[in-house]
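Presented below is the structure to which this report refers.
Read the figures in this text as sums done on the coordinates, not as results from a lab. Small disclaimer: the values here were computed from a predicted structure and weren't measured. Please note: Cβ atoms are built from the backbone with ideal geometry, for glycine as well, and neighbour counts cover all protein chains shown.
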Amino acid sequence: MRIFIDTANLDMIREINSWGILDGVTTNPSLIAKEGTDTRTRVREIAEIVDVPISAEAMSLEADGMIKEGRELAALHPNINVKLPMCISALKASKVLSGEGIDVNMTLIFSPQQALLAAKAGARYVSPFVGRLDDIGLYGTEILGQIVNVFSNYGFETEVIAASIRNPTHVLDAASMGCDIATIPYNVLQQMVSHPKTDEGIQNFIKDYEKSKK
Ligand code: G3P
């Protein structure tokens with residue numbers, strides 16, 4: 001499974017890239033706003049520091065606007081793909097943009113039916129939001145397996161990005177269900193590294209090493 005970081009923070013992207021595990025970056029308007037910048041400026045900055053796919057979200061709600069914005073965003077850098085929020089306009093725009101060779105990441109996916117339509121409209125990626133389904137009392141990770149299954153039944157090349165990941169268990173579920181990608185916040189990536197028994201083991205090895213030197 002490929003690992004993307006879900007952030008617009010340059011230091012976090014640099015740090016995770018230095019771990020040698022970074023396959024991509026996803027941003028959204030809320031993540032960009034947290035950084036006090038704008039999408040075009042920030043995705044250009046991200047493209048200067050990492051050579052991986054970067055999602056940039058279009059804000060228009062009409063198909064024509066999405067197509068125009070999508071072309072502009074994709075023209076900023078070859079690694080940029082265009083995030084469109086799932087709706088009829090986005091399906092229309094996805095068909096046009098993907099026909100022009102521009103990768104679309106259909107976002108705000110909350111059902112396998114939406115994912116099926118996005119795949120049929122040529123989206124390169126779909127982003128089902130796991131945590132936000134948990135937030136309303138549903139089993140968020142359930143749709144990951146359903147989408148992977150639907151895509152595999154019909155040989156869709158659209159890749160599944162498990163998004164709205166809130167904890168390491170979500171990541172394990174995404175990997176177990178065969179998602180192509182998980183886009184993971186910085187704090188969850190840090191949590192994935194840690195295990196109390198690893199920390200304890202390191203301390204014990206250091207103690208024993210110090211003893212054996214005497
Ligand atoms: O980037 C989209 C998604 O990952 C947002 O996550 O935690 O705001 O639901 P969250």
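Structure summary
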read-out	value
Mean ellipticity per residue at 222 nm, deg cm²/dmol - from DSSP H runs of n ≥ 4 across the chain, formula -39500 (n - 2.57)	-16000 deg cm²/dmol
Segment 162-202: C-alpha pair distances exceeding 13 Å, %	53 percent
Two-site FRET efficiency, I49 against C87, from Cβ-Cβ distance with R₀ of 35 Å, rounded to 0.05	0.60
Cα pair distances of segment 53-93 binned at 10 Å [whole percent]	37, 52, 11
Amide H within-cut-off set for I54, under 5 Å, with H built and near neighbours excluded	V25, I80, N81
Burial order of peptide ranges 90-96, 172-178 (average beta-carbon count within 10 Å, highest first)	90-96, 172-178
Cβ-derived FRET efficiency at R0 35 Å, K95 paired with R132, nearest 0.05	0.85
In sequence order, calculated HN-Hα J values of segment 78-83 (Karplus, 6.51, -1.76, 1.60; Hz; x Gly/Pro)	x, 7, 8, 10, 9, 8
Selection from S194, A182, S111, by position along the positive dipole direction of the chain (Cβ)	S194
Counted charge near I181, where neighbours are those whose Cβ lies closer than 9 Å (Asp, Glu -1; Lys, Arg +1)	-2
Diffusion constant of segment 20-71 at 4 °C, which comes from Stokes-Einstein with the Kirkwood Cα-pair radius and 1.567 mPa s, µm²/s	108 µm²/s
Anchor K34: lysines whose Cα lies under 22 Å away (excluding residues fewer than 8 positions away in-chain)	K83
5 angstrom amide H check on A123, placed H, neighbours 5+ away	none
Where only alpha carbons of the chain are counted, the Rg and the Dmax (Å)	19.1, 75
Paired Rg and Dmax values of segment 95-177, which use every Cα atom, in angstrom	12.5, 40
Förster radius 45 Å - calculated FRET efficiency between N153 and L76, Cβ distance, rounded to 0.05	0.80
Reach of K213 by Cα under 28 Å, taken over lysines that are not fewer than 8 positions away in the same chain	K197
As computed over segment 26-141, the Cα convex hull volume per residue (Å³)	104 Å³
Net charge dipole size for segment 56-203 [Lys, Arg +1 and Asp, Glu -1 on Cβ; Debye, nearest 20]	240 debye
Relative contact order of the chain, pairs being alpha-carbon contacts under 8 Å that are 6 or more residues apart, as %	17 percent
Å³ per residue enclosed by the Cα convex hull of segment 75-114	76 Å³
Span from the segment 84-152 Cα centroid across to the segment 1-73 one, whole angstrom	18 Å
